[in-house]
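Have a look at the structure below, then the notes.
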Amino acid sequence: MRRILMRLLYGINTNGQGHINRARDVIRQLLFDGHQVDCLFSGPTPPLYAKSLVRRWRHIPGYKIKFSGQGINVPETLLQNLLHFRNFPRIFENVRRLVKQEDYDAIITDFEGFSCMAGLATQKPVISVDHQHSLIHFKQVLPPVQVHDLIVGMGLVLYCTPLCNHYFAIDFVQELERSGIGTLFPLFEKFELLDYTPTVEDHYCVYLPYLREQHVLKVLQKFPEERFKVYGYHRKETLGHVSFEPTGRQTFLQDMASSKGVLMHAGFSSSWEAILLKKHIYLNPLDNHIEQATNAHRLAKFDRAHVAPILTRESVAAFISKAQDQDYQVNAHLTVTHPSVLTNAIYDRIDDFEPFVSWAIVRKQLSRIAGGISNGVGGVRAQASQTVNHIAQRVSGRFLNRTKRPSELLSNLS
């Protein structure tokens, strides 16, 4: 355990449950190691269990994702967030003051941008622990996708965590891969799942909430010899061999742990849990979602998932047949480590932190992000550029009060 105990701020993006579930295990290990951890949630209102992760937490507005049908509505998502962009300088300034007032030793962020920028502005170590950075790590392979999906996905990574001292991208890899300021990191055990013993009972677990309920029921009813427990539609009803179950974390995990296999979208967190529970996986990635397309592509490469862009009778039949042929046992395995291995790596990167940061790099990075976000959005473009330039000036001004420009340092040496 690290001898010097730290006060840490953990920024968590609350779009979906994946960021919270991943951060929960890292936070638990940090607390076990004796550190004090506060949480900063940004985005939609966090669920109750997220607020119980630590004693002190705050929730601030952040970006939100708009869904339409079986995928992300990219135009509405961009428009909704750009219209609220003018509030971001005020939010950033409040978070910067919080970081300065609390005098945190380091910032850890799971795809949360304000804590990242505030840590940079106050010259604190900023460590990103997420999955999304695997999209920009050069040693990972991207799936064949539409160019605009790729641009949106990578733009979102740069927007949410534009600068950090090091990022750990948790991903489906067999070994640790470090390159520059980034490290691809294998999956680690989740404390929550230690309470569930994998077994094989008489059902498949289904979680496809972005598909129409009638379509899911129609496809599953074509397999009367199988039993399905369906989650995600917030109701309790049994229709023959298909049972709709009310939303509940514990019952869902129990049904997943005791299932023959799992049918779900290609979210990283749920796929991770199915792997830890050693289940056969059927993946139906969302449309216009580069991360889910990438997850599905990489798991298929390891022969750990059956991928189907559309839920059909034929694709489900192929999945069931493969699970039966292997007697519901998984033959392909991925590396799984312990959360303490990750936290020890985080401590090493914090120890390596150097407080000097070039103000020119900050302004260049932020201006690049502003240009990428504002392209093609018409009248909102000027507002977006003006807002991010304002943040850049505030951030660079903070650095100028504490450090000298590289040219000034060189002149002092002559």
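If a residue has to be in contact with a Ser or Thr (Cβ under 7 Å, 6 or more places away or on another chain) and farther than 20 Å from Phe92 by Cα to count, how many in region 1-25 make the cut?
5
Tell me whether region 123-139 contains one or more residues that are touching a Phe, Trp or Tyr at 6+ places or on another chain (Cβ under 8 Å), within 21 Å of Gly18 (Cα to Cα), of a type in the set (Ser, Thr, Tyr) and at pLDDT 90 or above.
yes
For region 244-262, give me each residue that is in contact with a Phe, Trp or Tyr (Cβ under 7 Å, 6 or more places away or on another chain) and more than 22 Å from Leu194 (Cα to Cα).
Phe244, Glu245
Could you grab me the full set of residues in region 254-309 that are hydroxyl-bearing (Ser, Thr, Tyr), over 18 Å from Pro209 (Cα atoms) and touching a helix residue (DSSP H, G or I) at 6+ places or on another chain (Cβ under 7 Å)?
Selection gives Thr294 alone.
Exactly one of these conditions fails for Tyr63: (1) modelled with pLDDT of 90 or more; (2) touching a Cys at 6+ places or on another chain (Cβ under 8 Å); (3) surrounded by 17 or more Cβ atoms within 10 Å (Cβ to Cβ). Give me its number.
(1)
Taking interchain pairs and intrachain pairs at least six residues apart, which have beta carbon atoms under 8 angstrom, with the first residue in region 56-72 and not assigned by TED's automatic domain parsing to the domain that holds Asp38 and the second modelled with pLDDT under 65 and surrounded by 14 or more Cβ atoms within 10 Å (Cβ to Cβ)?
Matching pairs, first to second residue: none at all.
Closer than 30 Å to Ile181 by Cα, assigned by TED's automatic domain parsing to the domain that holds Leu220 and touching a residue at least 60 places away in the same chain (Cβ under 8 Å) - does that describe any residue in region 304-323?
yes
Could you grab me the full set of residues in region 284-303 that are without any contact (Cβ under 8 Å) to a residue 60 or more places away in the chain and surrounded by fewer than 19 Cβ atoms within 10 Å (Cβ to Cβ)?
Ala300, Asp303
The values are calculated or read from the model by the stated rules, or taken from the named source; none is laboratory data. None of the values given here were measured: they were computed from a predicted structure. No Cβ is skipped: glycine too gets one built from the backbone with ideal geometry, and neighbour counts run over all protein chains shown.
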